[in-house]
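The structure appears right after this line, and notes come after that.
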Amino acid sequence: MSTTSFYDALETRSSAEREAAFMAALPQQVAHARQASRAFAQILADADPQAVTSRAALARLPVTRKYQLAERQQEQRASDPFGGFATAGFGTDMPRVFSSPGPLYEPEGRTPDYWRMARALYAAGFRAGELVHNCFSYHFVPAGSMMESGAHALGCTVFPGGTGQTEQQVQAMADLKPAGYIGTPSFLKIIVEKAREMGVPLPSLSKALLSAEALPPSLREWFGERGIAAYQAYGTADLGSIAYETEAREGLVLDEGVIVEIVRPGTGDPVPEGEVGELVVTTLNPLYPLIRFGTGDLSAVLPGQCPTGRTNTRIKGWMGRADQTTKVRGMFVHPGQIAAVTQRFPQVQRARLVVSGEMASDQMVLRVETTETAPGLALQLQEALREVTKLRGEIEMLPPGSLPNDGKVIEDARSYK
């Protein structure tokens, strides 16, 4: 696969051209969401769509997190299974509905490659005229359909293997000779090991697009030793494709159909480039126009552009969960509360609440980065922490750059022995 091979011209346009296109589309999408989605008519009631023409203006809109989407769906289940977020109902505009754990219900639109997975497949080396063995589930969840629609958009034929039935998967691969596999890395490893156990060679299997699980370097190397070039894709049932890996293997390149921000967990405030935070995504999908949707996943922007020549922003990939809510002395403490404390003090640059001790003897220390050393600030922070969380804690003042860059706002360091 050549490094000069791209899915389309969007991947190599200048950063300025891409940003201009996004900012031209953004006011229309915000206006559409307000007009056609009952949920966003409420969430964005105070927004002026025509003024949302910059990243700064976008950052002033509220973040809608997955748990809030779930709550709206549950509240309105009797009248609207999508909680007012979808802009169309059952019928020709919505050929399928899927369910994710929760349950959360996700619509699938009629547009070709609705989930925008073709770009990720192309970057992983899949091409028209090939057979793809798809081992994502086709039952309830949209993963199988997400990948299949992308493969069809490329001109590939798909074998809908789904999950389980390992011996039958091996037999189908031996008979049909697919060019590549789509699914989780763990299931591909199981299939390859089963094929070896059965004495069945799988020489046609030369590439794989893997998702839904972490792909550690040791497993990637294990696949490579068996002639399978493994690539990662990152997406969700709500948003479709968000980012994908290229042959450079240097982070994940953002998809061309989403506007991505990385914010401090518990807030909607964008973090500086390189700092770990929560991925917040705005999709340009008209059927499900999610505006500033908080994925709950942590990541960080990588500097520079992809060595393959793709010019879109790169992220490090999945780095954990942003929801760090924990229970302290019987009370829930969540990142939004820590943000509420620190936002009162512009002198504080970053903060982390460390919960330590043993069961039934919890201790809280709010560690803050600041250049101010006056003792009065620590006392004010302590009072604010108690006011917001209803719990007493200590304050530790640190110089800027002292806290780890891992996106954690709450660290549970307790012993549970």
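We did not get these values from a lab; they are worked out from the coordinates using the rules stated. The structure presented is a predicted model; accordingly, all values stated were derived computationally and were not measured. Every residue, glycine among them, receives a Cβ derived from its backbone with ideal geometry; neighbour counts consider all protein chains shown.
Neighbours of G257, meaning other residues whose beta-carbon lies under 14 angstrom from its beta-carbon, give a summed charge of -2 when Lys and Arg score +1 and Asp and Glu score -1. The mean sequence separation of alpha-carbon pairs under 8 Å and at least six residues apart, normalised by the residue count of segment 326-412, gives a relative contact order of 34 percent. For the chain, lysine pairs with C-alpha atoms less than 19 angstrom apart, excluding pairs fewer than eight positions apart on the same chain, total 10. Seen against the Cα atoms of the chain and their longest principal axis, helix 166-176 is set at about 50 degrees.
Helical content of the chain, expressed as a calculated mean residue ellipticity at 222 nm, amounts to -8500 deg cm²/dmol (DSSP H runs of 4 or more residues, -39,500 (n - 2.57) each, divided by residue number, nearest 500).
With a cut-off of 18 Å on the backbone N, the residues of segment 279-305 near the modelled label site 7 Å out from D406 along Cα-Cβ are 279, 297-301.
So which residue, out of M319, M198, M173, gets the largest mean-square fluctuation from a GNM of the chain using Cα contacts under 10 Å as springs? Between M319, M198, M173, it is M198 that shows the largest mean-square fluctuation.
Summing charges over neighbours of Q349, with a neighbour being any other residue whose Cβ is under 13 Å away from its Cβ, gives 0 when K and R count +1 and D and E count -1. Placing a pseudo-label 7 Å from each Cα along the Cα-to-Cβ vector at R55 and M331 gives an inter-label distance of 3.7 nm. Beta bridges per DSSP, both residues in the chain: antiparallel share near 60 percent.
Taking 0.36 nm per residue of sequence separation and removing the Cα-Cα distance, the E193/Q76 pair yields an extension gain of 37.5 nm. Packing, as the average of other Cβ atoms within 10 Å across residues, places the peptides 227-234, 367-374 in the order 227-234, 367-374, highest first. A cut-off under 12 angstrom between Cβ atoms defines the neighbours of P27, and their net charge, with Lys, Arg +1 and Asp, Glu -1, is 0.
Maximal additional length on extending the L398-A21 stretch stands at 131.5 nm, based on 0.36 nm per residue less the C-alpha distance. Using the Karplus relation 6.51 cos²θ - 1.76 cosθ + 1.60 with θ = phi - 60°, the per-residue 3J(HN,Hα) values for segment 295-302 come to 6, x, 9, 9, 6, 8, 7, 8 Hz, with x marking Gly and Pro. Peptides 8-20, 305-317, ordered by how many other C-beta atoms sit within 10 Å of their residues on average, highest first, read 305-317, 8-20. Model label sites at T157 and V200, defined 7 Å from Cα along the beta-carbon direction, differ in position by 1.8 nm.
Each Cα pair under 8 Å and six or more residues apart adds its separation to the average, and for the chain the resulting relative contact order is 13 percent. As a proxy for reagent exposure, ranking T246, T157 by other Cβ atoms within 10 Å from fewest up yields T157, T246. Modelled spin-label separation between Q28 and L131, with each label point placed 7 Å from Cα along the Cα-to-Cβ direction: 4.2 nm. Peptides 39-48, 121-130 ordered by packing proxy, namely the average of other Cβ atoms within 10 Å per residue, highest first: 121-130, 39-48.
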